[in-house]
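Peer 1: Attaching a single structure in structure tokens format; questions to follow.
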Amino acid sequence: MGLLSRRTFTVAAAAALAGPVATGDSVAGPVIGGTPGPPGPPGRPRASAELRGMWLTTVLNRDWPSRAGLSPDRQRAELVGHLDTAVRRRLNAVIFQVRPAADALWPSAYEPWSQYLTGVQGRDPGWDPLGTAVTEAHARGLELHAWFNPYRIATHTDPGRLAANHPARTHPGWVVRYGGKMYYNPGLPAVRTFVQDAMLDAVRKYPVDAVHWDDYFYPYPVAGQAFDDGAAYAAHGAGFPDRAAWRRDNIDRLVREMGARVRQIRPATRFGISPFGVWRNAASDPHGSDTRAGVETYDDLHADTRKWVRERWIDYICPQVYWNLGFAAADYAKLVPWWAAVTKNTGVRLYVGEALYKAGDPAQPAAWQDPAELSRHLTFARTYPQVGGHVFFSAKGVGSDPLGAMTRVVADHYRQPATSVR
């Protein structure tokens, strides 16, 4: 994240799209799609009502806490304020970032406290943010999805800036420096086991409603740089036609194993992933979408998101369809039907990630200067029975309501209080 939020990478990826791109309760809520679809992965609850969610980001203090070093009471008050905003906007789920960078927003047995709480990685903030979030969300009728980043270690390349007991310091061979950042090497089996254990520590301790990953697997490409995993490939890549296939298998294993372990530890907890919105362009693969994206998750992030749905390794997928209706290189009106077709008859729920942060941004295309753009997205998506809801990036915008876009969504689509998606 180059000290940028995860969506900044998505914005950068959008800039790489082919062609010129501008820079710069009582009452039940509506059910998307009518009758529930087929059962999802074995042992998992089947969602029925629409999901109305927001991402609550902690990296770089983007949404919460407003700055590092606030008192526990102030941090707690701000967190509860975001939950109250979700209720006021008639949402029913909050996706809370609790492991932004190989750290933790709970007392973890594996990794240090996040620097975004106190300003110093490893320093105890004096309270338990994740435990509080779960309790307070459930008290308000909200689901709490715990959002983890599997591989990112830091937005810099200096291990000396990490907490003294950080696993990246005790296991330097696990670390790859790339693009001015540090990552755990996905090609090492020991890393794959460790990052799962670190995330599952939270699942064991708290009744989170879902485990959630975003779009970071292998990092987004950086021009002129190579991700240095040659030694790992030499040691573990036998039997694969090329390094790209081996990398995809590494991520496939992570997803498959994590889903199975979540199911074993806490069967009622779902496992969802929110990838970049384009799996592959049709020009690269006839099964791909009618898009001309400069980033394709299959090829560039080594994330075969379509396979994860078809194999039912996950319970829901929430692609970041962060483009407006009619956007030439990646049209919302083409990507939503594509994802609907991918998820059809799989039992994997489809939620659409929405770019609330673009509303009113002068650097964005003209469509985003219209407060009705997001509302039109929900109207369009409603015609596809597979779409089970929407998630908005991010909590700050849900509260501040740029351009009145969120108010318009609520007025047009969320007139009744939300019900649980279970």
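Peer 1: For the stretch 163-210, give me each residue that is under 23 Å from Asp252 (Cβ atoms) and aromatic (Phe, Trp, Tyr).
Peer 2: Those that are under 23 Å from Asp252 (Cβ atoms) and aromatic (Phe, Trp, Tyr): Trp174, Tyr178, Tyr183, Tyr184, Phe194.
Peer 1: Next question. Please verify whether Pro219 is open to solvent by 30 Å² or more (accessible area, probe 1.4 Å) and part of a loop (DSSP other than H, G, I, E, B), treating the condition exactly as stated. Show your work before the answer.
Peer 2: On the way: open to solvent by 30 Å² or more (accessible area, probe 1.4 Å): no; part of a loop (DSSP other than H, G, I, E, B): yes.
No, not satisfied.
Peer 1: List the number of the failed condition for Ser400; all other conditions in (1) within 21 Å of Ile95 (Cα to Cα); (2) open to solvent by less than 10 Å² (accessible area, probe 1.4 Å) hold.
Peer 2: Condition not satisfied by Ser400: (2).
Peer 1: Continuing with the same structure: Thr170 fails exactly one of the following numbered conditions: (1) farther than 18 Å from Leu301 by Cα; (2) open to solvent by less than 40 Å² (accessible area, probe 1.4 Å); (3) of a type in the set (Ser, Thr, Tyr). What is the number of that condition?
Peer 2: (2)
Peer 1: Still on this structure: Given the structure, is Val208 under 30 Å from Phe392 (Cβ atoms), touching a helix residue (DSSP H, G or I) at 6+ places or on another chain (Cβ under 7 Å), surrounded by 14 or more Cβ atoms within 10 Å (Cβ to Cβ) and at pLDDT 95 or above? Before you say what the answer is, go through the steps one by one.
Peer 2: Working: under 30 Å from Phe392 (Cβ atoms): yes; touching a helix residue (DSSP H, G or I) at 6+ places or on another chain (Cβ under 7 Å): yes; surrounded by 14 or more Cβ atoms within 10 Å (Cβ to Cβ): yes; at pLDDT 95 or above: yes.
Considered against the rule, which asks whether it is under 30 Å from Phe392 (Cβ atoms), touching a helix residue (DSSP H, G or I) at 6+ places or on another chain (Cβ under 7 Å), surrounded by 14 or more Cβ atoms within 10 Å (Cβ to Cβ) and at pLDDT 95 or above, Val208 comes out as yes.
Peer 1: Going by the conditions given, is Arg177 charged (D, E, K, R), open to solvent by 10 Å² or more (accessible area, probe 1.4 Å) and closer than 21 Å to Trp113 by Cβ?
Peer 2: No.
Table: residues versus (1) under 25 Å from Phe217 (Cβ atoms); (2) in contact with a helix residue (DSSP H, G or I) (Cβ under 9 Å, 6 or more places away or on another chain); (3) assigned to a loop (DSSP other than H, G, I, E, B).
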position: Arg74; (1), (2), (3): no, no, no
position: Leu83; (1), (2), (3): no, yes, no
position: Ala101; (1), (2), (3): yes, yes, yes
position: Asp124; (1), (2), (3): no, yes, yes
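Peer 1: Here's something else I'd like to know. Would you pick out the residues in the stretch 240-264 that are buried (at least 16 other Cβ atoms within 10 Å of the Cβ) and aromatic (Phe, Trp, Tyr)?
Peer 2: The one that is buried (at least 16 other Cβ atoms within 10 Å of the Cβ) and aromatic (Phe, Trp, Tyr): Trp246.
Peer 1: Condition test on Gly237, is it open to solvent by 20 Å² or more (accessible area, probe 1.4 Å), modelled with pLDDT of 95 or more and either farther than 30 Å from Glu143 by Cβ or touching a helix residue (DSSP H, G or I) at 6+ places or on another chain (Cβ under 9 Å) (or both)? Break it down into steps so the answer makes sense when it comes.
Peer 2: Details: open to solvent by 20 Å² or more (accessible area, probe 1.4 Å): no; modelled with pLDDT of 95 or more: yes; either farther than 30 Å from Glu143 by Cβ or touching a helix residue (DSSP H, G or I) at 6+ places or on another chain (Cβ under 9 Å) (or both): yes.
Spelling it out, it is not the case that Gly237 is open to solvent by 20 Å² or more (accessible area, probe 1.4 Å), modelled with pLDDT of 95 or more and either farther than 30 Å from Glu143 by Cβ or touching a helix residue (DSSP H, G or I) at 6+ places or on another chain (Cβ under 9 Å) (or both).
Peer 1: Given the options Ala231, Ala198, Ala210, Ala190, name the one that is under 29 Å from Leu350 (Cβ atoms) and out of contact with any Lys or Arg (no Cβ under 6 Å at 6 or more places or on another chain).
Peer 2: Details: Ala231 fails: under 29 Å from Leu350 (Cβ atoms); Ala210 fails: out of contact with any Lys or Arg (no Cβ under 6 Å at 6 or more places or on another chain); Ala190 fails: under 29 Å from Leu350 (Cβ atoms).
It is Ala198.
Peer 1: Considering only residues that are in a loop (DSSP other than H, G, I, E, B), open to solvent by less than 20 Å² (accessible area, probe 1.4 Å) and in contact with an Asp or Glu (Cβ under 6 Å, 6 or more places away or on another chain), look in the stretch 273-311 and name the one that is farthest from Tyr151 (Cα to Cα).
Peer 2: Filtering first and then ranking leaves Val278.
Peer 1: Among the residues of the stretch 168-205, count how many are in a helix (DSSP H, G or I), of a type in the set (A, V, I, L, M, F, W, C) and in contact with a Ser or Thr (Cβ under 9 Å, 6 or more places away or on another chain). It would help to see each step written out before you state the result.
Peer 2: Filtering the stretch 168-205 for residues in a helix (DSSP H, G or I) gives 168-170, 172-174, 189-205.
From the residues that got through so far, the ones that are of a type in the set (A, V, I, L, M, F, W, C) too are 168, 174, 190-191, 194-195, 198-200, 202-203.
Then drop every residue that is not in contact with a Ser or Thr (Cβ under 9 Å, 6 or more places away or on another chain), which leaves 198, 202-203.
Within the stretch 168-205, residues that are in a helix (DSSP H, G or I), of a type in the set (A, V, I, L, M, F, W, C) and in contact with a Ser or Thr (Cβ under 9 Å, 6 or more places away or on another chain) number 3.
Peer 1: Moving on to the next point. Does at least one position in the stretch 142-154 carry a residue that is part of a loop (DSSP other than H, G, I, E, B) and surrounded by fewer than 21 Cβ atoms within 10 Å (Cβ to Cβ)? Can you show your working first?
Peer 2: Taking the stretch 142-154 as the starting set, the residues that turn out to be part of a loop (DSSP other than H, G, I, E, B) are 142, 149-151.
With surrounded by fewer than 21 Cβ atoms within 10 Å (Cβ to Cβ) added as a condition, the list becomes none.
There is no residue in the stretch 142-154 that is part of a loop (DSSP other than H, G, I, E, B) and surrounded by fewer than 21 Cβ atoms within 10 Å (Cβ to Cβ).
The values are calculated or read from the model by the stated rules, or taken from the named source; none is laboratory data. Bear in mind the structure is a predicted one, so any value in this text is a computation, not a measurement. A quick note on method: Cβ atoms are made from the backbone with ideal geometry, for glycine too, and the neighbour counts reach across all protein chains shown. Accessible surface is based on the protein model in full, side chains and every heavy atom, while ligands, DNA and RNA are left aside. Shrake-Rupley method; radii C 1.70, N 1.55, O 1.52, S 1.80 Å.
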